[in-house]
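S.K.: Dumping the structure here so I can ask a few things about it.
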Amino acid sequence: MITFSIPRLFIASHKGGAGKTLFTLGILHYLKTRGYTVTCFKKGPDYIDAGWLRKVSGRSCRNLDMFLFDEAHNLFSFYQGAKDCDIAVIEGNRGLFDGMDFKGSCSSSRLAYLLKAPIILVLDCTKVTRSLAALVKGFLEFEEGLDIRGVILNKIARERHANVIRNSIEYYTGVPVLGVIYKLKTSPKERHLGLITSLEYEENSFLQELLEMVQENCDWERILKVARSAPQLYIPEIGQKDDGVFKEIKVAVFRDPSFQFYYPENLDELVRLGAELVYINAMEDSFPEVDCVYLGGGFPELQAEKLAANEKIMRALKEAAEEGMPIYAECGGFMYLGKEIEWKGKSYPMCGVLPFKFVVDKKPQGHGYVIAKVVEENPYFDLNQTLKGHEFHYSKAQPIDKNNFLKYIYQIEKGFGIDGKYDGVLYKNVLAGYLHIHAYSVKNWAENFLKRAKEFKNKS
């Protein structure tokens, strides 16, 4: 057991869309400008918020998730991400007590309790004043063992609005209001279920305005005092040996504005096992000398024209697939391996490895946690193995040649996948689908992937 101490804050709210990400970005930006080494975490499987937190903090944002993996691995992941930092900030998701069922399993409150993290509530103050005091009072009494230490008022119209709410909350609950965020003049555009991705946002006006807002309107002395009051944690020592069995294996990782959704632990696990990661920009680079390919998620439709223009790398990737190179692809990577992507009435040719046309809809086709059972033999997972993961896609995978159809590897027990019943398409050593998995949940994925790569390398 590792004894670990670090100042930390858990940013929560009464609902989704109240401003948790906004305030978390403000904290990270402020602390970084003050010279702190600050790390960040996102509760749940969200990649977009995590990308924004990474952009501002300058460090990888790890996802903590009590549905995908157990308490021990959540604590260990927190330790791995925070052990060399001055302060840690964890952003919750949705409302503090919202979970998988009416008992709140896997909720932000359960994670805050596990991490023994003081909680700051961000409240959406649109068209409300004194009623928020009743809400805060209810939050204080709803679950035992939580440490709610302060409130941030978001979407405040004017100073009088803030004063009425502040006085009500502090008088009726004793919880201090630690800051106020007035309505901002600038902000990133939203798409799908939240902000655009951080890699698409190139302006600095929003972050600068946010920094000035929190500098002027938050009580940083009290906020930091709350963070420093967090007690010690006891971290389980997860058995991990850096044996370097796969030290000669090179893994191509496509990472650019099209493919950006990777759990840091997935990449860490490949490196821990000895592999070398070779990062590729699919819009600009040539295909390197590697032994396998990891294609993560993203929004390839946004860069479809540029992706289609780099015919050389798509042709090389298809040739590698035909030669039997192990290729593992998730969501956006799955789309890239198909025949074409149709978006906003235009079609763009892709790699052509798999016989699918991907049509991007305005509404989500799959969103949320997934439980899938492995029902076909494949190079990466055991038959009858249960996989926990998540999906978030607006595209529909339409088979082009049903007479030459490939094997579906996963049977969906929760979620949607490709057609509501199945996900995971196998072609030679290519396995692609909408399912995103986490190395702490599916513990044999990385080793099996690299084993296939080593076999391929030795045959070549």
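Each value in this text was obtained by applying a stated rule to the coordinates, not by laboratory testing. None of the values given here were measured: they were computed from a predicted structure. Here Cβ is always computed from backbone atoms with ideal geometry, including for glycine, and neighbour counts include all displayed protein chains.
S.K.: Once you order the gyration tensor axes a ≥ b ≥ c over the Cα atoms, which shape class does segment 350-389 get: rounded for a/c under 1.5, otherwise prolate or oblate by comparing a/b with b/c?
M.R.: oblate
S.K.: In nm, give the distance between the simple-model label positions of Asn444 and Ala134, each being 7 Å from the Cα along the Cα-to-Cβ direction.
M.R.: About 5.5 nm separates the two model spin labels.
S.K.: In whole Hz, with x marking every Gly and Pro, tabulate ³J(HN,Hα) for segment 450-460 from phi via Karplus 6.51 cos²θ - 1.76 cosθ + 1.60, θ = phi - 60°.
M.R.: In residue order, the calculated couplings are 6, 4, 5, 5, 5, 4, 5, 4, 5, 7, 6 Hz.
S.K.: So what is the relative contact order for the chain, in percent, with contacts set as C-alpha pairs under 8 Å and at least six apart?
M.R.: Relative contact order comes out at 13 percent.
S.K.: Step through the residues of segment 216-228 one at a time and calculate ³J(HN,Hα) from phi using the Karplus curve (6.51 cos²θ - 1.76 cosθ + 1.60, θ = phi - 60°), rounding each to whole Hz and writing x for Gly and Pro.
M.R.: Per residue, the Karplus-derived 3J(HN,Hα) values read 7, 10, 10, 8, 5, 4, 6, 5, 5, 5, 4, 4, 6 Hz.
S.K.: Taking 0.36 nm per residue of sequence separation and subtracting the Cα-Cα distance, how much length would be gained by fully extending the chain between Lys32 and Glu170, in nm to one decimal?
M.R.: 46.7 nm
S.K.: Would you calculate a helix-derived [θ] at 222 nm for the chain, using -39,500 (n - 2.57) for each DSSP H run of n ≥ 4 and dividing by the full residue count, to the nearest 500?
M.R.: -9000 deg cm²/dmol
S.K.: Just check segment 250-459 against the gyration tensor rule for me: Cα atoms, a ≥ b ≥ c as the square roots of the eigenvalues, rounded for a/c under 1.5, and otherwise prolate or oblate depending on whether a/b exceeds b/c.
M.R.: Judged from the Cα gyration tensor, segment 250-459 comes out rounded (a/c under 1.5).
S.K.: Another question about this same structure. Please say if segment 2-235 is rounded, prolate or oblate, where rounded means a/c under 1.5 for a ≥ b ≥ c the square roots of the C-alpha gyration tensor eigenvalues, and otherwise the choice is prolate for a/b larger than b/c and oblate otherwise?
M.R.: Here segment 2-235 falls in the rounded category.
S.K.: If you don't mind, another one. Given a Förster distance of 30 Å, report the FRET efficiency between Tyr427 and Lys344 from their Cβ-Cβ distance, rounded to the nearest 0.05.
M.R.: Approximately 0.55, to the nearest 0.05.
S.K.: Pairs Lys103/Lys373; Lys137/Lys185; Lys55/Lys250: which exceed 29 Å Cα-Cα?
M.R.: Where the Cα-Cα span goes over 29 Å, the pairs concerned are Lys137/Lys185.
S.K.: Test of understanding: ordering Arg272, Arg8 by Cβ neighbours within 10 Å, fewest first, what list do you get?
M.R.: Arg272, Arg8
S.K.: Mind ordering 143-150, 174-181 by average Cβ neighbours within 10 Å, highest first?
M.R.: The densest-packed peptide leads the list: 174-181, 143-150.
S.K.: From the list [x] 217; [y] 147; [z] 134, can you say which value of volume of the Cα convex hull per residue in Å³ was derived from the structure given?
M.R.: [y]
S.K.: For a Förster distance of 60 Å, can you work out the FRET efficiency between the beta-carbons of Gln411 and Leu224, rounded to the nearest 0.05?
M.R.: The computed FRET efficiency comes out at 0.75.
S.K.: Holding the Cα-Cα limit at 31 Å, pick out from Lys20/Lys83; Lys318/Lys396; Lys42/Lys459; Lys407/Lys443; Lys155/Lys225; Lys247/Lys428 the pairs that are longer than that.
M.R.: Correct reply: Lys42/Lys459.
S.K.: Follow-up question, since we're still on this one. If Lys and Arg each add +1 and Asp and Glu each add -1, what is the summed charge of the other residues whose beta carbon sits under 12 Å from the beta carbon of Ala321?
M.R.: Value of the local net charge: 0.
S.K.: Hey, another quick one. Report, by chain and number, residues whose modeled amide H sits under 5 Å from the one on Tyr422, excluding near sequence neighbours (fewer than 5 apart, same chain).
M.R.: So Tyr422 has HN proximity to Ile412.
S.K.: Using each residue's phi in segment 51-63, evaluate 6.51 cos²θ - 1.76 cosθ + 1.60 at θ = phi - 60° and report the 3J(HN,Hα) Karplus result to the nearest Hz, with x for Gly and Pro.
M.R.: So the Karplus estimates, Gly and Pro as x, are x, 5, 5, 5, 4, 7, 6, x, 10, 4, 9, 8, 8 Hz.
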